[in-house]
Amino acid sequence: MGVERRNKNRGYQQLRVWEDAIELYGLALRAVRGWPFEWKKLASQSLSSSDSVHRNIAEGYCRRSVREYLQHLNFALGSLGETLSGFIAYAKNDQIDRESFEQLDVLIFRLENRLLKLVEALERKRDDNDWTDTLVVKEDSANSSVDPAVLHDLNLFLTAVID
């Protein structure tokens, strides 16, 4: 993709949820590629909703406020639900093959859970109003019941906002 450019505003590119959302868009694109003309509007809606997931994650991150980040993560969850609902309907009506649906469903399930846990962790931090212990919990903690990817994303965002 060319020269690597880094700054705090581009930190979303290191988020695991953003990486998953980019992968989702690619799977959705492959699932609807080659659809007949009469299904093009459905294909377009599916691509739009799956594209919206990574865009909302990025936009919320770049707003650099916990309140707006939470709002955009919830928008991403809504787009994720719209994407899944469409692909459930397509699978039930034999518009996509079972293997494509399974890949999408597994990825959407993982992404949905990570987004929900990230929202929950951010809400907890916001409600506690204590940002001093942000980096205390380590990703590799054996006792942690939190997904390491969620901790990674939480710490990445909070570090960017607090600095």
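The values are calculated or read from the model by the stated rules, or taken from the named source; none is laboratory data. What you see is a predicted model; the values in this text were computed from it and never measured. As a convention, Cβ positions derive from the backbone with ideal geometry for all residues, glycine included, and neighbour counts pool all protein chains shown.
Part of a helix (DSSP H, G or I), modelled with pLDDT under 95 and within 20 Å of the chain's Cα centre (by Cα): which single residue out of E82, E112, E68, E102 fits that description?
After ruling out the rest, the residue left standing is E68.
For region 54-82: of the residues being farther than 21 Å from T159 by Cα and aliphatic (A, V, I, L, M), which is surrounded by the most Cβ atoms within 10 Å (Cβ to Cβ)?
If we take residues in region 54-82 being farther than 21 Å from T159 by Cα and aliphatic (A, V, I, L, M), then A76 is surrounded by the most Cβ atoms within 10 Å (Cβ to Cβ).
In the list F37, F109, which residue meets the criterion of being out of contact with any helix residue (DSSP H, G or I) (no Cβ under 7 Å at 6 or more places or on another chain), surrounded by fewer than 20 Cβ atoms within 10 Å (Cβ to Cβ) and more than 30 Å from E123 (Cβ to Cβ)?
Testing whether each residue is out of contact with any helix residue (DSSP H, G or I) (no Cβ under 7 Å at 6 or more places or on another chain), surrounded by fewer than 20 Cβ atoms within 10 Å (Cβ to Cβ) and more than 30 Å from E123 (Cβ to Cβ) leaves just F37.
D94 versus (1) within 22 Å of Y12 (Cα to Cα); (2) modelled with pLDDT of 70 or more: which is the lone unmet condition?
(1)
Cβ-Cβ below 7 Å, separation at least six or inter-chain, first residue in region 104-118 and in contact (Cβ under 8 Å) with a residue 12 or more places away in the chain, second hydroxyl-bearing (S, T, Y): which pairs?
Close Cβ pairs satisfying both conditions: I108/T83.
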